[in-house]
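Read the structure below first, then the notes.
The values are calculated or read from the model by the stated rules, or taken from the named source; none is laboratory data. Quick caveat: nothing in here was measured; it's all calculated off a predicted structure. Note: ideal-geometry Cβ built from the backbone for every residue, glycine included; neighbour counts use all protein chains shown. The protein model used for the area step is the full one, side chains on, heavy atoms only, and it has no ligands, DNA or RNA in it. Shrake-Rupley method; radii C 1.70, N 1.55, O 1.52, S 1.80 Å.
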Amino acid sequence: MLRLEKLTKVYKTGDKALSDVNLEVPKGQVLALIGPSGAGKSTMIRCINRLVEPTSGTVTLDGVEISKLGAGGLRRERRRMGMIFQEYALVERLSVMENVLSGRLGYVGFWRSFLRKFPQSDVDEAFRLLDRVGLVEMADKRADELSGGQRQRVGICRALIQDPSVLLVDEPTASLDPKTSRQIMRLIVELCEERDLAAIVNIHDVALAQMFVSRVVGLEKGTVVFDGAPEELTEDVLTRIYGQEDWSETIQKVEDDDEEDAAK
Amino acid sequence: MSAALDARVGKPWKKPPFIASSALRWTMIIGSVIYLVLAIGSFDVNWARVYRGLDRGWQFFVAFTHPDFVSRAGEIKVGMIESVVMALASTVVGIAVSIPIGLGAARNISVLPIYLVCRAIVAISRALNEIVVAILLVAIFGFGPLAGFLTLSFATIGFLSKLLAEEIEDMDKVQAEAVRATGATWLQRYVFGILPQVIPRLIGLSIYRLDINFRESAVLGIVGAGGIGATLNTSFDRYEFDTAAAILLLIIGTVMVLEYLSGIIRARVQ
Amino acid sequence: MAISTNDGVKVWQRRDRNGQLKLWAMWLVGTAVFMWSWQQISSVTTWAFFWDAPRIAADIGGRAVPPRWSYMDQLWEPLWDTLNIATLGTVMALMMAVPVAFLAARNTTPSAMFIRPIALLIIVSSRSINSLIWALLLVKIIGPGIFAGLIAIAIRSIGFCAKLLYEAIEEIDEAQVEAITATGASRWQVMAYGIVPQVLPAFAGISVFRWDINLRESTVLGLVGAGGIGLQLQGSLNTLAWPQVSLILIIILLAVIVSEWVSAKVRGAII
Ligand SMILES: Nc1ncnc2c1ncn2[C@@H]1O[C@H](COP(=O)(O)OP(=O)(O)OP(=O)(O)O)[C@@H](O)[C@H]1O
Ligand SMILES: [Mg+2]
């Protein structure tokens, strides 16, 4: 269970990216975080694993207060939070396998990792994960030889091999084509189900979010303005989050997609 | 579970080596080790002499805390001015000569005989060390800054012409296309299509070269080609470390100022 | 660029009036500086020598040909020394340049207030002084010989390599570093997995680049007594043995061509 209490972030530049955000994500729940550009979605995700230091408020994961931890404790807790990035953020000059295994860095000592002597169990798990996402053949390729969708799958493996209890996903599909986007979203949701993982998925594509998740949180100017089931996302609500626009297209598309999905 | 997975699970994993062929890899590793052993073995260091030298090294280091600008102020001043003058003049002349040679050495706008001649000039200038050139020019023109000036001009020509030629070759592919499409003549194409693109880069590179020329001018004096190097050499010979320290500080200071200025100018023109 | 109105007609000019003036002023100052520089040089030049130069050049050229090929026997050893000075000097420099670069790069320095300026100072002082001057100094301190040459090359190269390397470190993709940090990796692991792979190509390129330069520079170190083939050059010049000088110059030229070829090959293999 992940809990954010009164989470606030003010950047050095004076931008108040988050103000008093309260949120609770139970185990196994996949939550979509939507909101206009600059609403503070990335900031929120990064405050959870403290890639960005929150200004005030607390983040608690399974009873451990992350925002209070020292450097060593933080590293230990970061192992339980897998992160997936928009631009994949793979280390491009390393092989796919090394990228996946880098998810185990928090568990092995420096020299073992430096010499690439990971425990056999980690290696096996890495191959299993790569097989699960259909990339086992690519294990020894360099990460920059992969396509966007393949890279994102590697990114997912890297996050999952950490054996996390929550996934932090920052716009996983923004650099992908519509079809691949859907495949990646489906993969993330399925994997979360299989492993009973909580996930916060920060996403721009409202239709895509509605298709896959059970809960949607709308963020606007650093505050939560909507929290509910995907069906409750009406034109009114979207206007509240994103501002005045014609939303019928977006919602229409959702229905089409649903039918299409049902037809399969 | 797929067959590919079966093949790999349970087996140790190794990072694929950088050099795939293991024979080649081992040849290279063993070759490097043998070379290192031989090379290090060939150094016959007189450690006792080095040890005695440490004291002198320390004196030199300490000299930086009280550099002596005064005792040889006259020589230092003359030397510094000579260095600066050589750097400035050779940069200007170097640029002036580099432009035609650079144009001639660009494959896409030059004719073959001219191209070959220009490329040969560039190659010779780049292959010959400044000091070697300076020695020859001193033998020919006698001691003094003229030899240094000619050396630096020659080096500048090699440096700038090559970059200029490459710039023009790159430029033509993308930029001049557009101009060519409008049916411009050769001259128009050159003036409107290429020069405006190249000039900012040329200015930046020239300033950078001025910086290099100053640094080089500081050593040419060692072989008698004028500049602060001669004064520095003398002060080392006389073990006047505090004067040497003063000169080195002046060189470092000037280089830093030049680098700073060239940074600003390059940022502004580009 | 500006558009000014002239008798009600818009006239297009590349620069406005002020810009034009500044440009002219710059040309004027530039020309004056150049004229002054030229005058300084010519005032200390004995022009008689200058006019005599073609004759002297022809004379030297005449004596230098043919090169004294038999002298080659005595050049193998200095050539080997020259190669060693360049190679080991580069290796030593790299070993010291790596930590200096990490301390100097804005994104990896442990303290931007104290340690970074020190690292930058090391870089600047090593870079601003030519290796020949370093050699001059070291010959005075630790005595003549190839060891002085080695240290001179190493010291000069630290700044060069560290500067290029720290610029490469500052240009890395931070997202990759963040991704490794987010897995709970330690500081050193982030370095080994997030940063090092990204700067490795730059590192290899810089090493080869500097090795190439060092080989050129170590051919002349002997002029100040720091070992290598320059020593033979100096000796031959002193005795006006022009056929030997021409042979040595040919050898140096060949060495430079070979080193350029090798470094181009290696760079091609890495990148
Ligand atoms: N490193 C930073 N320094 C200063 N301000 C920042 C920084 N990062 C983000 N901000 C500011 O914080 C606010 C929220 O940014 P954030 O990146 O969290 O938005 P977002 O919702 O993820 O937007 P997008 O959908 O475009 O990714 C913005 O106003 C942004 O300008
Ligand atoms: Mg964002």
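What to note about this one:
- Dipole orientation for the protein assembly as shown: of the candidates C:S186, A:G35, C:P67, C:P67 has the Cα lying most toward the positive pole (charges on Cβ; Lys, Arg +1; Asp, Glu -1).
- The range C:74-124 - percent relative contact order, Cα under 8 Å, separation 6 or more: 23 percent
- Spin-label model distance (nm) - A:F110 vs C:F114, 7 Å beyond Cα toward Cβ: 2.0 nm
- When chain B is treated as a GNM with alpha-carbon contacts under 10 Å, the residue of B:P16, B:P113, B:P200 showing the greatest mean-square fluctuation is B:P16.
- Placing +1 on each Lys and Arg Cβ and -1 on each Asp and Glu Cβ, with no other charges, gives the range B:71-269 a dipole about its Cα centre of roughly 480 debye.
- Across all directions, the average flat footprint of the convex hull enclosing the Cα atoms of the protein assembly as shown is 46.1 nm².
- Cross-link reach is defined here as a Cα-Cα straight distance under 19 Å, omitting same-chain residues fewer than 8 places apart; for A:K6 the aspartates and glutamates meeting it are A:D15, A:D20, A:E24, A:E53, A:D62, A:E65, A:E220, A:D227.
- Surrounding net charge for A:S113, when Lys and Arg each add one and Asp and Glu each subtract one, Cβ distance under 11 Å: +2
- Under the membrane-span-like helix rule (DSSP H runs whose alpha carbons stretch at least 30 Å along the helix axis, mean Kyte-Doolittle hydropathy 0.0 or higher), chain C yields C:17-43, C:76-104, C:146-170, C:196-218, C:242-270.
- Under 5 Å from the amide H of A:R80 lies no amide H of any residue 5 or more positions distant or on a separate chain, with H modelled from the backbone and absent for Pro and chain starts.
- Solvent-accessible area buried by B and C, counting both chains, probe 1.4 angstrom, square angstrom: 4700 Å²
- Heavy atoms of A:K221 accessible to a 1.4 Å probe, total area in Å² rounded to 10: 150 Å²
- Vicinal HN-Hα couplings computed from phi for the range B:202-218 (Karplus, 6.51 cos²θ - 1.76 cosθ + 1.60; Hz; Gly/Pro x): 4, 4, x, 5, 5, 5, 4, 5, 4, 4, 4, 4, 4, 4, 5, 4, 6
- Computed with a 1.4 angstrom probe on protein heavy atoms, the B-A interface buries about 1300 square angstrom of accessible area in total.
- Site pair C:R187 and B:A7 shows an inter-label distance of 4.4 nm when each label is modelled 7 Å from Cα along Cα→Cβ.
- Distance histogram for the range A:92-163 (every C-alpha pair counted, 5 angstrom bins, percent rounded to whole numbers): 4, 19, 32, 26, 14, 5, 0
- Diffusion constant of the range B:22-153 at 25 °C, which comes from Stokes-Einstein with the Kirkwood Cα-pair radius and 0.890 mPa s, µm²/s: 120 µm²/s
- Normalised contact order of chain A, rounded percent, pairs of Cα under 8 Å and 6 or more residues apart: 26 percent
- Relative contact order of the range A:92-163, taken over Cα pairs closer than 8 Å and 6 or more residues apart, is 54 percent.
- Extending 7 Å from the Cα toward the beta-carbon at both B:R107 and A:E231 defines two label points whose distance is 6.9 nm.
- Calculated Rg and Dmax of the range C:126-170 using C-alpha coordinates, Å: 12.1, 39
- Qualifying lysines (Cα of each under 16 Å from Cα of A:K141; at least 8 residues distant if same chain): B:K14, B:K15
- Counting every alpha-carbon pair across the range C:78-270, the share separated by more than 20 Å comes to 60%.
- Calculated [θ] (222 nm, deg cm²/dmol) that DSSP helices of n ≥ 4 give over the protein assembly as shown, each run adding -39,500 (n - 2.57): -20500 deg cm²/dmol
- Inter-part distance where the range C:183-256 and the range A:177-193 are each reduced to a Cα centre, Å: 53 Å
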